[in-house]
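The block underneath contains the structure these notes are about, expressed in structure tokens.
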Amino acid sequence: MRIFAGCLIAFLVVVAVFGMRGRQSTLQERIGTPMNGRVEKDDDEWRKRLTDEQFRVTRRKGTERAFSGAYWNSKKEGVFECVCCGQPLFDTATKFDSGTGWPSFFKPIEENHISLVADNSLFTRRTEVICSRCDAHLGHVFEDGPAPTGLRYCMNSAALKLTPKDAGKPSQ
Ligand SMILES: [Zn+2]
């Protein structure tokens with residue numbers, strides 16, 4: 001009987017420990033901790049990899065001039081990746097013409113590929129969008145977008161790199 005009680009207690013301890021572990025990882029998923037590896041570099045390293053405009057936008061939270069970027073008017077199909085770390089961010093199937101002069105999307109390719117940050121600069125309340133892997137500033141998200149999400153992810157071309165749909169396929 002005493003052995004049985006001992007076994008029961010050991011079993012309950014194991015269940016409790018595994019239960020807590022399970023709960024912890026669910027919580028982490030909910031707050032958007034990316035499953036993919038972090039990319040962290042210092043400013044000197046980013047400067048070497050980026051143009052001045054890409055560095056200013058992504059690492060200094062800059063904004064490119066409207067209608068000046070490479071992608072606001074782009075009709076090519078493919079996937080926009082983070083210019084800093086290459087993480088896929090937006091599919092061109094979700095791009096729409098917002099008339100703002102910045103590439104605009106109604107949803108990211110994966111919710112956990114971006115992180116949202118409250119931005120109270122410029123005396124307005126906005127929501128900043130950053131890359132979840134390398135913290136690159138990408139742009140802002142507004143609640144005046146089209147269906148089905150009603151969201152408008154207003155991005156800087158300088159933060160993105162388009163990989164066209166047929167890239168990588170052998171030419172025929
Ligand atoms: Zn990134």
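Any read-out appearing in this document is the output of simple, stated calculations on the displayed coordinates, not a laboratory observation. These numbers were taken from a predicted model, which means no experiment stands behind them. Because the Cβ atoms are built from the backbone with ideal geometry, glycine has one as well, and the counts that use them run over all protein chains shown.
Each of the peptides 55-62, 124-131, 41-48 was scored by the mean count of other Cβ atoms within 10 Å over its residues; in descending order, highest first, they stand as 55-62, 124-131, 41-48.
Counting neighbouring beta carbons within 10 Å and listing from fewest to most, the residues TYR71, TYR153 come out as TYR71, TYR153.
The charge dipole of the range 101-172, taken about the Cα centre with unit charges on the Cβ atoms of Lys, Arg (+1) and Asp, Glu (-1), comes to about 220 debye, rounded to the nearest 20. Here's the picture: a label point sits 7 Å out from the Cα of LEU122 along the beta-carbon direction, and within the range 132-156 the residues with their amide nitrogen under 17 Å of it are 137-145, 152-156.
With a threshold of 21 Å on the Cα-Cα distance, the over-threshold entries among LYS41/LYS61; LYS95/LYS161; LYS61/LYS161; LYS75/LYS165; LYS41/LYS107 are LYS41/LYS107. For the range 41-141, the Kirkwood estimate of hydrodynamic radius, built from reciprocal distances between every pair of different alpha carbons, is 14.2 Å.
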